[in-house]
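Please read the structure below before turning to the comments.
The values are calculated or read from the model by the stated rules, or taken from the named source; none is laboratory data. Nothing here was measured: the structure is a model prediction, and the numbers come from that model. Quick reminder, even Gly has a Cβ in these numbers, built from the backbone with ideal geometry, and neighbours come from all protein chains shown.
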Amino acid sequence: QAVFFFLRETLRRDERVERTLNALQQQGIRADLAALQRQQTEINQTMLQAVQANDLTRMNALLPTLNQLNAASEHLEQMSAFTQRFGDWTVLLDTRLDTLEQTLLAGLGELGGEMHQRFDALEARFKEWMYLIASGGLGECVQAHDDLVVYGSAYLQRIEQAAQVFRTAPQYRARTANALGSVLAACGDSKRAEQSLQDALQHATNDGDRALAYHNLFFVYLRRGPAAYAQALDAINNAAELDPNYSLWDRELYLVEKILGAGGMGCAFLASKLGGYRKVVLKILWDSDPAAIQRFYQEAVTMARCAGRYVVEPLHYGYADAARRKPYIEMEYLEDALDGDSWLASNGPLSIEQGIQVGQQMTTGLAAAHAAGICHFDLKPGNLLLRESQGQIEVKIIDFGLSSQVLNLQKQLGTSRLSGKSAFAQAVFGTLDYAPPEQQGDTRYGPPGPKSDLYAFGVTLYRLISGQSAGKPHPRYLRQHEGLHDLIFDCLLDDPAERPESAEFIAAALRGFAQPAVTEQAASKPTAPPVATRTKPTEPTAGFRDPLKDGSQGPALVYLPGGTFTMGDDNSDFSSVKPAHQVTLDAFYIGQYPVTFDDYDRFCTATGRKKPEDEHWGRGFQPVINVDWDDASGYCEWLSEQTGQHYRLLTEAEWEYACR
């Protein structure tokens, strides 16, 4: 009906029809025919009177007028006939249009039914196509872990063939391009995935399809690694502006500056808090499962208990959405720090001395975490932050607990093939180089635990010192330090029972390797004297720890053979050290390291003593301070009661002998 309305209007406004109507008006077709006929009758009567009166003069005067009237009458009759024909034509055309309209409407009704059937069939095929995509665990929306699965070429070929049909239908063009881009991204074809998603943006007819395309592009760029992080950030910002449901952080609280990294469990952003100048790290979790979110937040709460000098501190946590399915944690940001991989790329491998220093900080942080009941389970260079300060390398461990939800990586992934996988997926598979057998599905060794972190520590420190691949550590890169070599390769033993007993044990061993530096540092603060055990050991021993009643270990002891030395100094200005004289001592054991706050706090807890203040110097593995002679003697008595051995404070002669 609309078509015929416009057809009639077109005819009515056609210039040719308008000219015809104007011509009819100009030719007098609309003149008063009655008036013309009256004039003709009057002239005829006047002419008749003149003829009857034989008035030739009057007859001659009337003759031209009569001729004009006759001619006008004849012309008028012709135009009237034309007008009648034109009117008949327009009536006929209108009638034919009505008939055509009825015929076409009837045909359109049949065609409309057929078209509806075809649309229904196309919609059904599109749903089948989406079901085929879903059979591979995929969909229109790219998911964080979908590129960790290897998809067969036949699966991708079937999807691409069907996509060609739907891309020709305008109403399916954007959705098809989005879904195909998602599949291509999962299959590792980043370039074609980007092309398909750009096609979705070009043909999207609503903000929903455009936002989805930007969201999918975010993951495509993210999986290309740091070189494409800026594009990824632009994409997720565009998606969130079109649809706030795609936002990964609270946009009213934070202004994100860049992406710091991405992994199997989440992504990290550098952000500024709006209204302030503090920079923070925002860590978001991919998984929206309530149980996973609960573990994520519980890890943050627990981690706060071990945060400090060697572990990054969580500052705040919340949700980016009202549905509470997008959790994030706000962490402290270390200015000018590099992750371990970036450090190697910029500065090269660590020296042995630097490696010992870094390893000591790592294991001190791990020991604090293990004491709080937290295991890392994803320790690697990428999860360390290193920065140089006053000639020393400072270390902080990050990403505690983010991988504890995926302990058995090998079983979950099912394959370690990296062919065609994204940088994102390869990073996850690369984690396996640092994971011990019990994390890779070897059930002979029981579930993962604190000693799993010791294995990862050994591989990580080897990589930082050697600069070589972590996959197959080779002894030759540590030959220049036999003690460090043995310690690292002990960490890499398959059986957790054969690895070092604890992170604390490794930290103590590393302090022993760097003993001069540790002794000099410890001298700047007052400490309790080291403790000794039996003064006459029956046989020399390189070193050991007496077990305590609760199953833990006492302080590490080293054997000092007996001997004679000159005690005192005749040239000293202090009379208390004069005169110099010979002193002979029997063999004895001495504590290998200064007594730490952790050691002494354990004694205070067991005996109900008040714990000493640390004067803001720090507790944990720092040497204990603010302990007097009575306190130190009480500690030795407690060790004796716990071990069944005789512990006491060193004599002045024994202390000087040990220092020499």
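Would you mind telling me which numbered condition in (1) in a helix (DSSP H, G or I); (2) under 19 Å from the mean Cα position of the chain (by Cα) ARG210 fails?
With respect to (1) in a helix (DSSP H, G or I); (2) under 19 Å from the mean Cα position of the chain (by Cα), ARG210 is out only on (2).
Considering each of PRO623, PRO612, PRO547 in turn, give the residue that is surrounded by fewer than 17 Cβ atoms within 10 Å (Cβ to Cβ) and within 30 Å of MET362 (Cα to Cα).
Working: PRO623 fails: surrounded by fewer than 17 Cβ atoms within 10 Å (Cβ to Cβ); PRO612 fails: surrounded by fewer than 17 Cβ atoms within 10 Å (Cβ to Cβ).
PRO547 is the lone residue from the list that is surrounded by fewer than 17 Cβ atoms within 10 Å (Cβ to Cβ) and within 30 Å of MET362 (Cα to Cα).
Please find, within the stretch 465-483, the residue that is surrounded by the most Cβ atoms within 10 Å (Cβ to Cβ) out of those that are in a loop (DSSP other than H, G, I, E, B) and free of Cβ contacts under 8 Å to residues at least 40 places away in the same chain.
Here is the first cut: in the stretch 465-483, the residues in a loop (DSSP other than H, G, I, E, B) are 467-474, 479-481.
Remaining after also requiring free of Cβ contacts under 8 Å to residues at least 40 places away in the same chain: 468-469, 471-474, 479.
On the way: GLN468: 14, SER469: 12, GLY471: 11, LYS472: 7, PRO473: 20, HIS474: 11, ARG479: 9.
Checked the stretch 465-483; the qualifying residue surrounded by the most Cβ atoms within 10 Å (Cβ to Cβ) is PRO473.
Any residue that is outside the structural domain of ALA271 (by TED's automatic domain parsing), in a helix (DSSP H, G or I), touching a residue at least 40 places away in the same chain (Cβ under 8 Å) and closer than 17 Å to ILE284 by Cβ - is there at least one of those in the stretch 220-238? It would help to see each step written out before you state the result.
Quick first cut of the stretch 220-238, residues outside the structural domain of ALA271 (by TED's automatic domain parsing) only: 220-238.
Keeping just the survivors that are in a helix (DSSP H, G or I) gives 220-222, 226-238.
Okay, now just the ones that are also touching a residue at least 40 places away in the same chain (Cβ under 8 Å), so 220, 222.
In the following step, the residues that additionally are closer than 17 Å to ILE284 by Cβ were identified as 222.
Checking the stretch 220-238: at least one residue is outside the structural domain of ALA271 (by TED's automatic domain parsing), in a helix (DSSP H, G or I), touching a residue at least 40 places away in the same chain (Cβ under 8 Å) and closer than 17 Å to ILE284 by Cβ.
Is one or more of the residues making up the stretch 484-493 farther than 30 Å from ALA232 by Cα, at pLDDT 90 or above, in a loop (DSSP other than H, G, I, E, B) and not hydrophobic (A, V, I, L, M, F, W, C)? Steps first, please.
The first filter runs over the stretch 484-493 and keeps only residues farther than 30 Å from ALA232 by Cα, leaving 484-493.
Adding the requirement that they be at pLDDT 90 or above leaves 484-493.
Add one more test, that the residue is in a loop (DSSP other than H, G, I, E, B), and what stays is 492-493.
Filter again for not hydrophobic (A, V, I, L, M, F, W, C), leaving none.
Within the stretch 484-493, not a single residue is farther than 30 Å from ALA232 by Cα, at pLDDT 90 or above, in a loop (DSSP other than H, G, I, E, B) and not hydrophobic (A, V, I, L, M, F, W, C).
Conditions: (1) acidic (Asp, Glu); (2) surrounded by fewer than 17 Cβ atoms within 10 Å (Cβ to Cβ); (3) under 18 Å from the mean Cα position of the chain (by Cα). GLU313 meets all but one. Number of the miss?
(3)
Filter the stretch 191-225 down to the residues that are surrounded by fewer than 20 Cβ atoms within 10 Å (Cβ to Cβ) and among the small types (Gly, Ala, Ser), then identify the one that is nearest to ASP341 (Cα to Cα).
Among them, the one singled out is GLY225.
For GLY137, only one of the following conditions fails: (1) in a helix (DSSP H, G or I); (2) over 21 Å from ASP243 (Cα atoms); (3) among the small types (Gly, Ala, Ser). What is its number?
Going through the list (1) in a helix (DSSP H, G or I); (2) over 21 Å from ASP243 (Cα atoms); (3) among the small types (Gly, Ala, Ser), GLY137 breaks only (1).
Yes or no: the stretch 274-281 includes at least one residue that is in contact (Cβ under 8 Å) with a residue 12 or more places away in the chain, buried (at least 17 other Cβ atoms within 10 Å of the Cβ) and under 19 Å from ALA228 (Cβ atoms).
Scanning the stretch 274-281 turns up no residue that is in contact (Cβ under 8 Å) with a residue 12 or more places away in the chain, buried (at least 17 other Cβ atoms within 10 Å of the Cβ) and under 19 Å from ALA228 (Cβ atoms).
Every residue in the stretch 151-165 that is closer than 17 Å to GLY139 by Cα, surrounded by fewer than 20 Cβ atoms within 10 Å (Cβ to Cβ) and touching a residue at least 12 places away in the same chain (Cβ under 8 Å), please.
If the condition is that a residue be closer than 17 Å to GLY139 by Cα, surrounded by fewer than 20 Cβ atoms within 10 Å (Cβ to Cβ) and touching a residue at least 12 places away in the same chain (Cβ under 8 Å), then TYR151, TYR155, LEU156, ARG158, GLU160, ALA162, ALA163 are the ones that fit.
Scan (1) without any contact (Cβ under 8 Å) to a residue 60 or more places away in the chain; (2) crowded, with 17+ Cβ neighbours inside 10 Å; (3) part of a loop (DSSP other than H, G, I, E, B) for the single condition LEU248 breaks and write down its number.
(1)
Here is a list: GLY568, GLY563. Which entry is of a type outside the set (Ser, Thr, Tyr), surrounded by 12 or more Cβ atoms within 10 Å (Cβ to Cβ), modelled with pLDDT of 85 or more and over 28 Å from LEU461 (Cβ atoms)? Working first, answer last.
Working: GLY568 fails: modelled with pLDDT of 85 or more.
Of GLY568, GLY563, the one residue that is of a type outside the set (Ser, Thr, Tyr), surrounded by 12 or more Cβ atoms within 10 Å (Cβ to Cβ), modelled with pLDDT of 85 or more and over 28 Å from LEU461 (Cβ atoms) is GLY563.
Taking the stated definitions as given, is THR527 surrounded by 15 or more Cβ atoms within 10 Å (Cβ to Cβ), at pLDDT below 85 and not hydrophobic (A, V, I, L, M, F, W, C)? Please lay out each step first, then the result.
Working: surrounded by 15 or more Cβ atoms within 10 Å (Cβ to Cβ): yes; at pLDDT below 85: yes; not hydrophobic (A, V, I, L, M, F, W, C): yes.
Yes, satisfied.
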